[in-house]
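Take a look at the structure below.
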Amino acid sequence: MQQNILQSWNDEWPAVRSSKPLPTGEGVLDQGAFNTIEVDELFDYVNYASTVAGQAVLYRSLAQPLDDLETIAAKQEAVREIRDNPDVRANVENIIADAAGAEKRLYLLLFGEFLGSFGTAREENQIEGYGYKQYRRGINFVLNLVGAIHNSGTPQSPYLQSVFNKIGNFANSHDYSLMVGPVYNSEKGIQSKEERKGSFAPATIFRPTLFKPMLLALVALAIWGLIQVFPSDMFQFTRDGISVASVFFLPLMLAYIPVIGGYDRDNCIIPLRNRFKSSQALGDMLDGLGQLDELLAFIKYAEDYGSDMVLPEMHAGERHEIELKSAKNPVLGKQNPAYVGNDFAMLEERLVCVTGPNSGGKTAFCKTITQIQLLAQIGCYVPAKSARMAVADRIFYQAPEISHLDDGEGRFGTELKRTRDIFLATTAKSLLVLDEMAEGTTFEEKMQSSIDVLDGFYRKGNSTILITHNHQLVDVFVKRGIATPKQVEFADEMPTFRLIEGISRVSHADRVAKKIGFSKQDIENYLAKST
């Protein structure tokens, strides 16, 4: 079961990037694909959420995307309702704006560090004094949010209804009753009014203020009693205007603040916040706030992208497939009208081989495909004129990694282990990108190993995209009639960043070397000058 964001913060100050991908084979993304697809950077570009809760939910969605068509379609329907209904959008925007301005008050109550009676707060997570103000402001944020939801109309889309209900249902919890008050402190601990029903155990009522009318009344009564008992001249003012009785009462009043404030902090506020931190109902409410903000963020991302954006047509198929028109990279294409869009389709095809010289855009294109698939599976817009795809149960992206001293098997063995884990986890519904293969061995071994691996993936039936400079490898599968060859286009030795049919058999290594100042001539010139 997925953790709510309150649980993912693990009793620490809220961190937006607190969620992690699931282990290989357990989720749509694993850590390797998450890193290679550059999901952290993708998040930075898609993140139009205004609240910390919204940002944390959006990040969690990207780290742990959906593989359920019904839920994805429901999120898309909710996005459309907010986008197309001005009243709904205005209401959602108002709720999110109010929450964004006040939610940190709740986090300060839940996770703040108490500095003591005389400490001065210098950080946003520090609490000075006894925490009365922080308690009141924190629970008021929650009560106001729940009230705003209850005063809203009922959305039409089931997903948006469920999000509203997640927030509004907090009003049915015991923790909500504690926030509304009164709060009782008895030998059984902190209790709400409902929890106190039928109990006759003595209890005090907690009020988040130093001003305690009942207690002050008792002090006044005690003073009156002393006046009745002791000689009256004890309470007469001296020549200096100071009552003899002040010797007794002044220390009493000075002790009142730390005694009462310390008691409330240690016996009421801290136990209450510990209960709230572990509250499933409060965690669900924050999740609901985050999900509402996430939906609005999708719309803002699409409106600000700068070119065509669509909610993709999703379906559940026996095999993965994808069809895109004028697809652009979700990161590189943003606010970039010169970015070249590409058409791409894998329908009956199971293996597409992309060849071409360095800097032609092969890797950028394949990251475009995987990032678009990922965005589609969180219910978000994607940058394309049209997009249709099946839900992928796994999205894998393997790229060569620098070997480490403790790898044991070396670069080839380490890469092969990763490929094996991916192979065992894929199904016919999976999308896989292999960016070069079998590095760290001889050409002959590389060829044979690559043929064996690609043959295995082809027989499993998943969508495999191979990026390679090895046109001989592509020839093998094209001749067998099981690979679709694509290449990045060059004109006058410069990349056009278009994907076209065919196999590239040209190396532009010398052009790249000249561009970075390390060609054969550059080396010769350097050596000539140094002698």
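The values are calculated or read from the model by the stated rules, or taken from the named source; none is laboratory data. Keep in mind the model is a prediction, meaning the values are calculated, not measured. Positions of Cβ are generated from backbone atoms using ideal geometry, with glycine treated the same way; all protein chains shown enter the neighbour counts.
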Matching entry among Q335, Q280 (being surrounded by fewer than 21 Cβ atoms within 10 Å (Cβ to Cβ), among the polar types (S, T, N, Q) and at positive phi): Q335
Condition broken by A345, with the remaining ones in (1) in contact (Cβ under 8 Å) with a residue 60 or more places away in the chain; (2) assigned to a strand (DSSP E or B); (3) of a type outside the set (S, T, N, Q) satisfied: (1)
Top-ranked residue in segment 33-87 [being in contact with a Leu (Cβ under 7 Å, 6 or more places away or on another chain) and among the polar types (S, T, N, Q); ranked as farthest from T154 (Cα to Cα)]: Q64
Helices (runs of 4 or more DSSP H) completely within segment 460-531 that count 3 or more residues being farther than 25 Å from S449 by Cβ and either more than 37 Å from the chain's Cα centre (by Cα) or not assigned by TED's automatic domain parsing to the domain that holds K362 (or both): 509-516, 520-530
Residue satisfying condition, being of a type in the set (G, A, S) and over 30 Å from I269 (Cβ atoms), within set S19, S61, S50, S8: S61
3 or more residues in the same structural domain as L296 (by TED's automatic domain parsing) and surrounded by fewer than 17 Cβ atoms within 10 Å (Cβ to Cβ): qualifying helices (runs of 4 or more DSSP H) within segment 1-112: 39-46, 69-84, 86-111
In segment 113-150, the residues that are over 30 Å from K166 (Cβ atoms) and either part of a helix (DSSP H, G or I) or in contact with a Lys or Arg (Cβ under 8 Å, 6 or more places away or on another chain) (or both): F114, Y130
Of residues in segment 490-531 being at pLDDT 90 or above and touching a Lys or Arg at 6+ places or on another chain (Cβ under 8 Å), the one farthest from T368 (Cα to Cα): G502
Filter result for I299 (surrounded by fewer than 16 Cβ atoms within 10 Å (Cβ to Cβ) and either within 21 Å of the chain's Cα centre (by Cα) or of a type in the set (A, V, I, L, M, F, W, C) (or both)): no
Any hit, segment 29-47, residues being at pLDDT below 95 and on the phi > 0 side of the Ramachandran plot: no
Positions within segment 151-199 being small (G, A, S), part of a loop (DSSP other than H, G, I, E, B) and within 24 Å of N274 (Cα to Cα), in sequence order: S173, G181, S192, S199
Verdict on G147 being at negative phi and free of Cβ contacts under 8 Å to residues at least 24 places away in the same chain: yes
Top-ranked residue of segment 386-411 - restricted to ones that are at pLDDT below 95 and crowded, with 18+ Cβ neighbours inside 10 Å, ranked as farthest from L347 (Cα to Cα): A399
Inter-residue pairs, beta-carbon under 8 Å, first in the same structural domain as N470 (by TED's automatic domain parsing) and in segment 428-444, second modelled with pLDDT under 80 and of a type in the set (G, A, S), 6+ apart: G440/S403; G440/G410
Considering residues of segment 358-377 that are surrounded by fewer than 20 Cβ atoms within 10 Å (Cβ to Cβ) and assigned to a loop (DSSP other than H, G, I, E, B) only, the residue farthest from the chain's Cα centre (by Cα): N358
